[in-house]
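A quick write-up on the structure given underneath.
Just so you know, all these numbers are worked out from the coordinates, no wet-lab data involved. Just so we're clear, the structure is a prediction, and the values are computed from it rather than from any experiment. Here the Cβ is made from the backbone with ideal geometry for all residues, glycine too, and neighbour counts use every protein chain on show.
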Amino acid sequence: MIRYDHVGLRYGIGPEVLSDVTFALEPGSFHFLTGPSGAGKTSLMSLLYLGRRPTRGIITMFGQAIGSMSREQLVPIRQRIGVVFQDFRLLNHLSAFDNVALPLRISGRPEKEIRNNVEELMHWVGLGDHMNALPNTMSGGQQQRIAIARAVITRPRLLLADEPTGNLDDEIGFRLMHLFEQLNRMGTTILIATHNQVMMDSFNHTRLILDKGHLRVEQPETPVALRDKIIGGAP
Amino acid sequence: MKLKKGGERVLGKAQKRRYDLPLNKGSGTGFLVILIALMTFLGMLALASSFALSAMTARWSSGLENRLTIEIPTRQVDGSLLDKKGVFTLTRDIANGLHGIPGITNIHVLSEEEIGKLVEPWLGKDLLQGDFPIPGIIAVETSDMESRTLQNIHGKIKTVAPHARMDTHEEWLNDLLRFTGALNLAAIILALVIGVTMVTAVGGAVRSRLAIHRAEVELLHLMGASDRYITRQFQRHSLILALRGGFIGAVFGALFLVLIGWVAGQMGVAILPDFRLDPVQMMLLAMIPLVAGLIATVTARWTVTRVLTTFP
Ligand SMILES: Nc1ncnc2c1ncn2[C@@H]1O[C@H](COP(=O)(O)OP(=O)(O)O)[C@@H](O)[C@H]1O
Ligand SMILES: [Mg+2]
């Protein structure tokens with residue numbers, strides 16, 4: 001569904017922050033994107049949500065080569081992608097409801113359908129009582145759930161999340177991961193950038209590992225190997 | 001939840017429609033409204049003056065085409081003065097002589113009373129009393145103003161009374177048309193300046209709004225909002241501001257025009273006696289705020305579209 005072929009990215013005239021990145025995301029798959037800070041995770045994410053174009057390489061999304069497409073042609077592709085930004089990027093002048101409704105309004109759905117869908121989803125993420133609240137009056141965890149609800153309200157085919165558990169305590173982090181798994185079982189392809197080792201070990205998914213702009217793919221470990229590693233790693 | 005409804009208060013329908021971008025929040029919109037109000041005000045004055053000017057031109061020049069006047073002064077070429085009878089005879093002779101000339105459709109010898117009425121504002125009523133000789137005047141209408149016709153008339157006049165003058169009003173009319181043409185050009189230039197000022201102001205305002213809300217605009221863009229979707233928000237915002245400013249400017253402009261009309265009437269300024277805007281002209285004046293709205297909308301659209309093309 002998503003295919004990267006020798007993709008490179010540089011900012012301005014700086015060095016390449018991504019070099020020869022090659023990988024594929026199959027429909028319905030679940031991947032982690034990991035690597036040390038500064039390795040280029042956020043940069044790769046921004047390529048994936050079409051926030052910028054690569055400086056070289058070929059990117060295929062939903063069966064279409066992105067490189068030759070016009071700005072206008074990218075619009076429907078963007079509408080198939082849900083993004084949870086690291087800093088949420090909620091609109092603070094809009095209510096929680098309107099924030100979640102935004103992607104539906106952008107794609108021009110009728111207001112009645114919007115109301116039903118948004119209310120249902122907000123109840124599902126536990127914000128049924130906060131629909132009219134403004135984001136900056138809400139806790140970090142609540143804001144994150146708005147951000148996630150907004151990312152999934154259109155039932156995107158690809159969901160991207162950049163360090164979604166970054167500044168959350170473990171319990172909320174795990175609850176969030178379960179939510180992503182649930183979405184994944186419903187068919188959404190998921191890519192989560194994280195450097196939370198515990199999280200990755202607990203949810204055994206293919207890892208895309210970035211290091212100084214180079215990417216390698218690591219298949220999930222078998223349960224036995226995983227157990228050995230955990231036991232062996234303990235003193 | 002008052003805060004949630006960030007809708008505009010001007011248009012009843014827009015009240016329910018929220019902005020995705022907080023364009024209606026924050027300062028800086030007052031400036032634009034005032035500027036557009038001023039521009040609308042100026043635009044109304046310029047257009048109204050232009051209307052008055054064309055009415056003036058029409059009135060002054062109407063009836064001057066295909067007409068000429070022949071004046072028989074009392075002082076002859078040799079400096080001697082004609083008496084009343086002499087003037088009368090010469091005038092009659094010329095009038096009779098004109099009858100045979102082709103191209104002339106009407107000849108009217110002005111009576112003393114008519115001449116008196118003409119000169120009364122300048123010379124007073126006393127002129128007609130007594131024996132004081134006054135010039136003779138013949139008003140001639142022709143079917144054309146071709147030089148052959150004019151030459152025939154001129155030749156005839158000269159044979160009867162060498163000191164008589166023929167006035168085709170041409171010079172005066174040309175001066176008038178040059179003058180009103182210049183004023184109209186000034187009005188057009190003023191309208192252009194007003195338009196350019198509005199485009200610049202709205203463009204600048206939209207650009208700064210875009211800069212302030214760049215993060216939000218980028219977010220909409222990343223969520224798959226088309227350029228049209230984003231542009232529409234700025235368009236609507238600019239349209240509402242421009243209509244608000246245009247309405248204010250139009251109200252003051254109308255009041256001002258009424259005031260000018262009233263003052264002119266009080267002062268007895270008779271350049272344009274009973275000049276009234278006709279319904280079409282009033283409609284055109286009333287459309288200026290709409291034009292302001294249109295300019296603002298198009299400018300906003302153009303500005304935002306241009307900035308958006310720099311987005312990936
Ligand atoms: N907008 C930018 N302009 C220039 N350099 C950037 C920009 N964003 C990231 N970089 C650089 O690219 C490299 C990768 O950054 P990033 O993608 O944020 O890594 P990560 O998310 O893995 O920490 C870093 O060296 C960073 O300094
Ligand atoms: Mg990062």
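Here are the numbers for this structure:
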read-out: Odd one out for A:Gly67, checked against (1) outside any loop (DSSP other than H, G, I, E, B); (2) touching a residue at least 12 places away in the same chain (Cβ under 8 Å); (3) over 16 Å from the mean Cα position of the chain (by Cα); (4) closer than 29 Å to B:Arg228 by Cα; value: (1)
read-out: Residues of the range A:149-175 classified as more than 14 Å from chain B (Cβ to nearest Cβ), more than 16 Å from ligand 2 (Cβ to nearest atom) and buried (at least 22 other Cβ atoms within 10 Å of the Cβ), total; value: 0
read-out: The listed residue being closer than 17 Å to A:Thr154 by Cβ and within 16 Å of ligand 1 (Cβ to nearest atom), out of A:Val84, A:Val75; value: A:Val84
read-out: Identity of the residue in the range A:1-32, closer than 21 Å to A:Asn184 by Cα and among the charged types (D, E, K, R), that ends up nearest to ligand 1 (Cβ to nearest atom); value: A:Arg3
read-out: Cβ pairs under 6 Å, 6+ apart, first in the range A:7-23 and more than 14 Å from chain B (Cβ to nearest Cβ), second near ligand 1 (Cβ under 9 Å from one of its atoms) and assigned to a strand (DSSP E or B); value: A:Gly8/A:Leu18; A:Glu16/A:Arg10; A:Val17/A:Leu9; A:Leu18/A:Leu9
read-out: Residue tally, condition more than 13 Å from ligand 2 (Cβ to nearest atom), assigned to a strand (DSSP E or B) and of a type outside the set (A, V, I, L, M, F, W, C), over the range A:32-60; value: 3
read-out: Condition check for A:Arg56: surrounded by 19 or more Cβ atoms within 10 Å (Cβ to Cβ) and touching a residue at least 12 places away in the same chain (Cβ under 8 Å); value: no
read-out: Residue in the range A:33-47 that is away from ligand 1 (no atom under 12 Å from the Cβ) and touching a Leu at 6+ places or on another chain (Cβ under 7 Å) present; value: no
read-out: Every residue from the range B:143-171 that is within 24 Å of B:Val87 (Cβ to Cβ) and part of a helix (DSSP H, G or I); value: B:Leu150, B:Asn152, B:Ile153, B:His154, B:Gly155, B:Lys156, B:Ile157, B:Lys158, B:Thr159, B:Val160
